[in-house]
Amino acid sequence: MRVCPKPRGTVPMLRDRLQTLDSEWRQAPRAAEFERLIEERLGANRVRHSISVTKVLHLVAGDLGLDTDSAVSAGLLHDSCKSMKNEAMLDAATRYGIPMNETHWSKPNLLHGHIAAELSRHEWHVADDSVYEAIAWHVTGHPGIGLLGQALFFADFSEPLRDHQESDEALRLYDAHGFLPALRYAASAKLEHLRKKGLLIDPNTEAFCAWLETQDDV
Ligand SMILES: [Fe+2]
Ligand SMILES: [Fe+2]
């Protein structure tokens, strides 16, 4: 993977662009449908977060030359299963044949990305495989995921409604050094947070961080 940093001085700061291009993402063909869908499934705070992720992802996807309509679908639907109860989560994972590791049994909520990816494909008829992959791996990351998945991981971590200061730093790094350094920072800060709190760490989270270090920077 080779991602060029944006030329400094020619592109407005990401945070400014988020304000000035507030609703451009709503032009995506299925934006209204998926916004209604998450309003029915999620609480108000989670809906606000999902829209904020969608705005960041829409802009980053544009910068990286990705399909912005796919970005809007991935952003809006990524947490669509976050409110499911643990038992329903495990039932759905079994039904869809989602491979589970030890951390999933202890903390079924880690499956919410994989289940949302399956529902997106089978129930909501999102045919784009890059959307499926991005949603599936947004919680932990995964070595080798495509650019849309990487961008969703970054947007989910850095969207401005997040109350941790690392979100600001990730946005700053994006503007100062480009996508890959900002994503590396987001992935390692998330891992560090889990370690500090003594929380269960999915092996994919560590593997994703290590993989990002092997990717080409420019
Ligand atoms: Fe999530
Ligand atoms: Fe999220």
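Pairs are defined by a Cβ separation below 7 Å, a sequence spacing of at least 6 or placement on different chains, a first member in segment 63-87 that is more than 16 Å from Ala32 (Cβ to Cβ) and touching a residue at least 12 places away in the same chain (Cβ under 8 Å), and a second member that is among the aromatic types (Phe, Trp, Tyr) and in a helix (DSSP H, G or I); the pairs so defined are Leu64/Phe179.
Each residue in segment 94-130 was checked for being within 16 Å of ligand 2 (Cβ to nearest atom) and over 16 Å from the mean Cα position of the chain (by Cα), and 2 of them qualify.
In segment 205-217, of all residues being over 16 Å from Phe154 (Cβ atoms) and at pLDDT 95 or above, the one that is surrounded by the most Cβ atoms within 10 Å (Cβ to Cβ) corresponds to Glu206.
Taking the conditions (1) within 16 Å of ligand 1 (Cβ to nearest atom); (2) part of a loop (DSSP other than H, G, I, E, B) in turn, Gly198 satisfies each one other than (1).
Being charged (D, E, K, R) and under 15 Å from Arg184 (Cα atoms): is that true of Glu169 here?
It is true that Glu169 is charged (D, E, K, R) and under 15 Å from Arg184 (Cα atoms).
Counted as qualifying within segment 30-87 are the helices (runs of 4 or more DSSP H) with 3 or more residues that are within 14 Å of ligand 1 (Cβ to nearest atom) and surrounded by fewer than 23 Cβ atoms within 10 Å (Cβ to Cβ), namely 44-64. The set of residues in segment 73-109 being among the hydrophobic types (A, V, I, L, M, F, W, C) and modelled with pLDDT of 95 or more consists of Ala74, Leu76, Leu77, Cys81, Met84, Ala88, Met89, Leu90, Ala92, Ala93, Ile98. Of all residues in segment 88-141, count the ones that are of a type in the set (D, E, K, R), assigned to a helix (DSSP H, G or I) and out of contact with any Phe, Trp or Tyr (no Cβ under 6 Å at 6 or more places or on another chain). Residues that pass the stated criteria total 5.
Could you tell me which residue of segment 154-167 is surrounded by the fewest Cβ atoms within 10 Å (Cβ to Cβ), considering only residues that are part of a helix (DSSP H, G or I) and without any contact (Cβ under 8 Å) to a residue 12 or more places away in the chain? Going through the qualifying residues, I end up with Gln165. Residues in segment 89-103 that are within 16 Å of ligand 1 (Cβ to nearest atom) and without any contact (Cβ under 8 Å) to a residue 40 or more places away in the chain were compared, and the one that is surrounded by the most Cβ atoms within 10 Å (Cβ to Cβ) is Met89.
Just checking, which of Ala170, Ala176, Ala151 is away from ligand 1 (no atom under 13 Å from the Cβ), within 13 Å of the chain's Cα centre (by Cα) and in a helix (DSSP H, G or I)? After ruling out the rest, the residue left standing is Ala151.
The values are calculated or read from the model by the stated rules, or taken from the named source; none is laboratory data. Since we're looking at a predicted model, the values are computed, not measured. In this analysis, Cβ positions are derived from the backbone assuming ideal geometry, glycine residues included, and neighbour counts consider all displayed protein chains.
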